[in-house]
Amino acid sequence: MAQFKAGILGATGAVGQKFIRLLQNHPWFTINALGASGRSAGKPYSEAANWIESTPMPDSVKKMKVRNCNSSEFGDVDFVFSGLDSSVATEIEAGFAQAGIPVISNAKNYRTDPTVPLLVPEVNPDHIELIKIQKFSADGSGWIVTNPNCVAIPLTMSLKPLHDAFGIHSVVVTSLQAISGAGYPGVPSLDILGNVIPFIGGEEPKISAEPLKLLGKLEDGQIEHASFPVQATATRVPVINGHLLAVNVKLNEKPSDISEVSEVMKSWKSPIADLGLPSAPVFPLHIFADERYPQPRLHADSENGMQTAIGRIRGGDVMDVSYIAMAHNTIRGAAGGAILNAELLVKKGFLK
Ligand code: NAP
């Protein structure tokens with residue numbers, strides 16, 4: 001397998017640091033360049049970043065000089081991962097793509113662009129074909145691929161088997177989101193300790209919209225979005241890592257009983273299972289029978305943080321099926337998801 005030189009935009013932030021940690025010893029990708037704001041540019045990474053990972057800062061990045069996020073300073077990379085603040089991602093990411101440098105982004109800015117794949121490899125790997133119609137660079141060498149919101153990822157991974165087997169009529173979901181989802185320094189401790197905050201700005205529209213693009217069909221270079229409504233309530237809870245979702249689904253075709261729903265989820269097979277992608281979890285969905293599970297503190301790190309855990313599958317009088325889903329928000333929901341996207345893009349020949 002060829003080796004690829006990766007840059008990281010937003011390398012000093014919470015997601016940027018997770019990229020650095022996850023890319024240590026990656027078999028295909030090495031970190032060649034780190035970028036952040038003008039506040040950090042010019043400093044060695046060890047001075048610019050307030051390291052919040054629980055493992056030590058890798059020696060390989062300590063002395064790297066942080067660059068401005070300008071494509072002219074990234075001539076020595078094959079592609080970049082982006083963990084940029086959304087207030088600056090639109091222009092910076094387009095600038096890299098226009099300069100012929102592919103961007104694999106976590107930011108929300110291009111997720112709804114009809115030419116940009118919103119990608120979860122286990123859900124919609126075929127959507128990467130959209131890259132071919134992007135117009136960022138004249139020769140097609142620069143493009144953008146995004147990964148979804150950190151709640152939309154486990155929500156959609158859990159809905160996928162139900163959508164395929166029964167069709168989805170409607171979804172009601174409440175998220176209990178970890179504080180690491182707000183970046184660093186994030187939510188003030190006086191607001192969140194011993195408390196629940198019943199609102200996260202801008203989150204609910206993303207949770208409602210993104211599953212529909214992810215579960216949409218690619219036809220004639222366009223995504224025909226899935227058409228069911230998703231009603232979302234997003235809350236912040238005093239958990240460090242791991243967003244937990246209470247999901248309620250009405251189905252188009254009624255299952256014979258709730259065990260049929262559990263069986264459909266358990267027997268679902270990921271379309272990328274046989275591709276040998278280094279970051280792909282062996283079991284993308286894990287279904288717990290024990291009603292106490294999943295729990296963020298116990299299960300967010302399962303399969304290196306790349307698994308979506310599901311539990312408490314049950315029927316109901318209002319909706320057909322209710323369950324809990326949970327995934328690590330900065331790994332499966334951000335940096336790890338983006339690295340898996342990059343691996344799929346290598347395997348499918350878009351990164352070369
Ligand atoms: P963060 O901790 O606030 O980090 C933001 C990064 O953006 C920092 O590296 C910062 O650099 C950089 N930046 C800010 N202004 C800039 C500018 N003008 N030019 C260049 N770089 C600039 O945020 P985060 O939590 O890592 O989130 C990063 C992105 O991922 C956001 O778009 C977020 O919505 C998305 N996301 C986050 C999560 C999560 O769970 N945290 C999950 C999914 C997606 P300086 O340090 O130099 O300021």
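Things to note:
- Being farther than 24 Å from Val247 by Cβ and open to solvent by 10 Å² or more (accessible area, probe 1.4 Å) holds for only one residue in Gly167, Gly140, and it is Gly140.
- Among (1) buried (at least 23 other Cβ atoms within 10 Å of the Cβ); (2) touching a Gly at 6+ places or on another chain (Cβ under 8 Å), the one test that Asp85 misses: (1)
- Of the helices (runs of 4 or more DSSP H) lying entirely inside the stretch 256-330, the ones with 3 or more residues being small (Gly, Ala, Ser) are found at 258-267.
- Near pairs, Cβ below 8 angstrom, 6+ apart or cross-chain, from the stretch 123-134 (of a type in the set (A, V, I, L, M)) to any residue that is in a helix (DSSP H, G or I): Val123/Thr156; Val123/Met157; Val123/Lys160; Val123/Leu214; Ile128/Leu344; Ile128/Leu345
- The listed residues are Asp78, Asp113, and the only one of them that is touching a residue at least 40 places away in the same chain (Cβ under 8 Å), of a type in the set (D, E, K, R) and either surrounded by fewer than 20 Cβ atoms within 10 Å (Cβ to Cβ) or more than 13 Å from the ligand (Cβ to nearest atom) (or both) turns out to be Asp78.
- Tabulated pairs, the stretch 56-71, first in the same structural domain as Val88 (by TED's automatic domain parsing) and more than 19 Å from Gly38 (Cβ to Cβ), second aromatic (Phe, Trp, Tyr) and open to solvent by less than 30 Å² (accessible area, probe 1.4 Å), C-beta under 7 angstrom, 6+ apart or interchain: Val61/Tyr45; Lys62/Tyr45
- Residue within the stretch 48-58 that is in a helix (DSSP H, G or I) and crowded, with 23+ Cβ neighbours inside 10 Å present: no
- Evaluation of Lys352 against the conditions (1) in the same structural domain as Leu159 (by TED's automatic domain parsing); (2) of a type outside the set (Ser, Thr, Tyr); (3) surrounded by fewer than 18 Cβ atoms within 10 Å (Cβ to Cβ); (4) touching a residue at least 24 places away in the same chain (Cβ under 8 Å) shows that the sole unmet condition is (1).
The values are calculated or read from the model by the stated rules, or taken from the named source; none is laboratory data. Just so you know, these numbers come straight off a predicted model, no measurement behind them. For neighbour counting, all protein chains shown are included, and Cβ atoms are generated from backbone atoms with ideal geometry for every residue, glycine included. These accessible areas exclude ligands, DNA and RNA; they are computed on the full protein's heavy atoms, side chains included. Shrake-Rupley method; radii C 1.70, N 1.55, O 1.52, S 1.80 Å.
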